[in-house]
Amino acid sequence: MINNDSFIPLYEQVSNKIQEKILKGELKPGERIGSINELLKEYEVSRVTAVNALEDLVKRGFVVKRQGKGTFVKNAYIGEELMSLRSFKEISREGKSRIIGFEKITLPEETAQIFGNISQTGWKIRRLQLFKDEPIGLIVMLLPEHVTEKLTLDKELLERNSMFDQLENVGISVTTARQVISAARAEGEIADLLGLQEGNPILLVKRTSYDENRVAVMDSTFYYRSDSYSYTVTLTRNKRDALRNN
């Protein structure tokens, strides 16, 4: 329900509720948002508030307006639950990947240390993620040579299969990962590849993946359009731990 006594503007409360439906998948990509009159009835707000709510969602990048047809959930949008380790292919059946570069490199010192200094060289693979043929993310993967020497680094094969699948095919099972998510701004080539303007906000994700022996096998950096990708985290409260820390 809309709270008339809240310090949050009414239009923002409405747009927040619609955004929540999009993130939960209750409103699907390409689905039409209710008309202004339908929003008036559903949220019991004024016409001005309903119009401003839709404008707010357009600015946030969650919906698009089509003249004479209405307002629709943006097609290129993916939400991911942070409860398990999955590849892009497993998250979205409609998602596609395009390899835009892979080269042998000298690993940065920090990355070599992550891999236990077993290898000083490795491979850098850049994968552009597409959803409904629109770019939504760029992944830069670094793998040490003692891992890649077991793989077949073929562009077509890399585009068809996830890196998790590739590793599992040679007996390397990725079981855990440490992931850090932060906000950043799109710059240079990253902005161009994602179809963004310089300075537009993006999600920056850094992930180190480990095998069943807790040995690091891959270090990845993800650049996601913030209007096309979201993470949902389910939290539980442990009162015993909370009391212990007070």
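Nothing in this text is a laboratory measurement; each read-out follows from the coordinates by a stated rule. Model, not experiment: these values are computed from the prediction. In this analysis, Cβ positions are derived from the backbone assuming ideal geometry, glycine residues included, and neighbour counts consider all displayed protein chains.
Think of it as helices only: each DSSP H run of n ≥ 4 in the chain is worth -39500 (n - 2.57), and spread over all residues that comes to -8000 deg cm²/dmol at 222 nm.
A straight chain from Asn117 to Val180 at 0.36 nm per residue would run longer than the Cα-Cα distance by 20.5 nm. Simple spin-label estimate for Arg214 and Glu159 gives 4.0 nm between the two label positions (7 Å along the Cα-to-Cβ direction from each Cα). The simple spin-label model puts a point 7 Å past each Cα toward its Cβ; for Glu109 and Lys124 those points are separated by 1.8 nm. Proximity of backbone amide H atoms, modeled 1.01 Å from N, is registered between Asn200 and Ala186 at under 5 Å, excluding neighbours fewer than 5 places apart on the same chain. When percent of Cα pairs over 34 Å apart is calculated for this entry, the matching label among (1) 23; (2) 30; (3) 13 is (2).
Distance between the pseudo-spin-label points of Glu134 and Lys69 (7 Å out from Cα toward the beta carbon): 1.2 nm. Annotation: aspartates and glutamates with alpha-carbon distance below 14 angstrom to Lys24 (same-chain offsets under eight excluded): Glu80, Glu81.
On a 0 to 90 degree scale, rounded to 10, what angle separates helix 10-24 from the longest Cα axis of the chain? Value to nearest ten degrees: 40. What angle do you read, to the nearest 10 degrees and between 0 and 90, between the alpha-carbon axis of helix 47-60 and the longest principal axis of the chain? Helix 47-60 sits at roughly 10 degrees to that axis.
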